[in-house]
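I have placed the structure first, in the form of structure tokens, so that the comments after it can refer back to it.
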Amino acid sequence: MSDRITLTGLRARGHHGVLAGEREVGQVFTADVVLHLDTRAAAAGDDLTATVNYAEVAQDVVAVLSGPPADLVETVAARIAEVVLRRPRVTAVDVTVHKPQAPVPVPFTDVTVHVHRDRAGGVRDVVLALGANLGDARATLAAALHELDRHPRVEVRAVSPLLRSAAVVLPGGQPQPDYLNAVAVLRTSLPPRELLALCQGVELGHGRVRTERWGARTLDLDLVAAGDLTWQDADLTLPHPRAHERGFVLAPWARVVPGAVLPGHGPVTELAAACGEPGEWVAEDWWERA
């Protein structure tokens with residue numbers, strides 16, 4: 001989890017709304033803003049320059065609330081998020097805009113719009129490792145890629161040959177069937193956590209269960225890297241913390257992106273060579289876009 005700085009109850013009179021009366025008279029809007037950042041350097045050195053000046057952020061937020069009119073509260077919230085993310089130390093922001101005087105024709109207390117934005121937005125290429133060792137593994141891997149490719153914000157750009165590799169089991173664990181492994185390059189505008197959720201949904205759709213570490217599985221989808229993006233929270237770490245030691249990931253990755261570099265570890269071809277023979281190549285052009 002990231003550290004957070006929260007600003008609550010920032011207020012200003014704005015003229016946002018669809019109705020002419022809202023534009024003419026205006027009303028008071030309130031915003032709550034949560035800044036996500038790493039405060040460790042600032043705390044260690046007691047240094048304001050190593051964190052975010054929240055007084056300046058407050059002024060920016062009020063300037064948006066009182067600034068050029070927008071029809072929608074959603075637009076106001078998005079503008080605030082955009083302004084806050086211009087500060088380089090902020091990695092993500094939550095914005096809640098309150099419109100307690102909204103033209104709602106029944107008794108009510110408040111109308112709020114909440115948005116979450118993070119610096120990991122934008123279009124990027126993501127390296128995805130795929131594996132399966134139960135059922136018709138090849139068909140499952142192909143189906144998973146088709147499902148991802150059908151998402152409106154995901155495109156499968158390249159797919160490695162299929163590799164057969166021995167299953168990695170815990171000491172004393174039961175033997176397992178060999179895995180089929182591949183690496184795909186996805187071009188996506190989904191933030192990392194949303195892409196992770198999409199992949200986990202695809203896994204569940206193919207019967208994936210998470211009852212045993214390193215257990216046999218119908219489908220395993222791992223986000224490996226996203227360019228030079230670094231990401232760490234309770235559910236996801238990028239680059240993948242064990243990718244540099246997994247030959248069954250590195251070898252297919254090197255085949256699909258020969259010049260790839262794993263941030264913090266070096267060229268993927270060299271890392272793959274250091275891991276030794278990963279297994280047996282069983283199919284080259286095994287996947288085609290439907």
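With respect to Leu223, is the statement that it is in a strand (DSSP E or B), assigned by TED's automatic domain parsing to the domain that holds Leu148, within 29 Å of Leu37 (Cβ to Cβ) and not charged (D, E, K, R) true? So that I can check it myself, show each step before the final result.
Details: in a strand (DSSP E or B): yes; assigned by TED's automatic domain parsing to the domain that holds Leu148: yes; within 29 Å of Leu37 (Cβ to Cβ): yes; not charged (D, E, K, R): yes.
Criteria met by Leu223.
Note down all Cβ pairs under 6 Å where the first residue falls in the range 179-199 and is touching a residue at least 60 places away in the same chain (Cβ under 8 Å) and part of a strand (DSSP E or B), the second is acidic (Asp, Glu) and surrounded by fewer than 20 Cβ atoms within 10 Å (Cβ to Cβ), and they're at least six residues apart or on different chains.
The qualifying pairs are Val185/Asp125; Arg187/Asp125; Arg187/Glu155.
How do the helices (runs of 4 or more DSSP H) wholly within the range 1-116 filter down when requiring 2 or more residues that are among the aliphatic types (A, V, I, L, M) and under 30 Å from Asp235 (Cα atoms): which remain?
40-45, 73-84
For the range 192-199, does any single residue satisfy the condition of being touching a helix residue (DSSP H, G or I) at 6+ places or on another chain (Cβ under 6 Å) and either more than 30 Å from Asp118 (Cα to Cα) or buried (at least 17 other Cβ atoms within 10 Å of the Cβ) (or both)?
No, there is no match, as no residue in the range 192-199 is touching a helix residue (DSSP H, G or I) at 6+ places or on another chain (Cβ under 6 Å) and either more than 30 Å from Asp118 (Cα to Cα) or buried (at least 17 other Cβ atoms within 10 Å of the Cβ) (or both).
Out of Glu284, Glu245, report the one residue that is closer than 30 Å to Asp38 by Cα and more than 20 Å from the chain's Cα centre (by Cα).
From the options Glu284, Glu245, the qualifying one is Glu245.
Pick out the one residue from Trp253, Trp281 that is in contact with a Leu (Cβ under 7 Å, 6 or more places away or on another chain), over 16 Å from Ala167 (Cβ atoms) and touching a residue at least 40 places away in the same chain (Cβ under 8 Å).
Every option except Trp281 fails the conditions.
Quick check on the range 152-179: of everything there that is polar (S, T, N, Q) and at pLDDT below 90, which residue is surrounded by the most Cβ atoms within 10 Å (Cβ to Cβ)?
Going through the qualifying residues, I end up with Gln176.
Counting only residues that are more than 15 Å from Ala251 (Cβ to Cβ) and not hydrophobic (A, V, I, L, M, F, W, C), which one in the range 180-189 is modelled with the highest pLDDT?
Arg187
Quick check on Asp94: is it farther than 30 Å from Pro258 by Cβ, surrounded by 18 or more Cβ atoms within 10 Å (Cβ to Cβ) and charged (D, E, K, R)? So that I can check it myself, show each step before the final result.
Working: farther than 30 Å from Pro258 by Cβ: yes; surrounded by 18 or more Cβ atoms within 10 Å (Cβ to Cβ): yes; charged (D, E, K, R): yes.
Yes: the conditions hold for Asp94.
Report yes if some residue within the range 230-245 is more than 26 Å from Gly201 (Cβ to Cβ), free of Cβ contacts under 8 Å to residues at least 60 places away in the same chain, in a helix (DSSP H, G or I) and in the same structural domain as Leu148 (by TED's automatic domain parsing); otherwise report no.
The answer is yes; a qualifying residue exists.
Based on this model, can you work out whether Arg157 counts as within 30 Å of His116 (Cβ to Cβ) and outside any helix (DSSP H, G or I)?
yes
For the range 115-127, how many residues meet the condition of being on the phi < 0 side of the Ramachandran plot and out of contact with any helix residue (DSSP H, G or I) (no Cβ under 7 Å at 6 or more places or on another chain)?
Final tally of qualifying residues: 7.
Testing Asp149 on (1) more than 27 Å from the chain's Cα centre (by Cα); (2) under 25 Å from Arg289 (Cα atoms); (3) modelled with pLDDT of 95 or more, one condition comes back false. Which one is that?
Failing condition for Asp149: (1).
The values are calculated or read from the model by the stated rules, or taken from the named source; none is laboratory data. From a predicted model like this one, the values you see are computed outputs, not experimental measurements. Don't worry about glycine lacking a Cβ; one is built from the backbone with ideal geometry, like all the others, and counts go over all protein chains shown.
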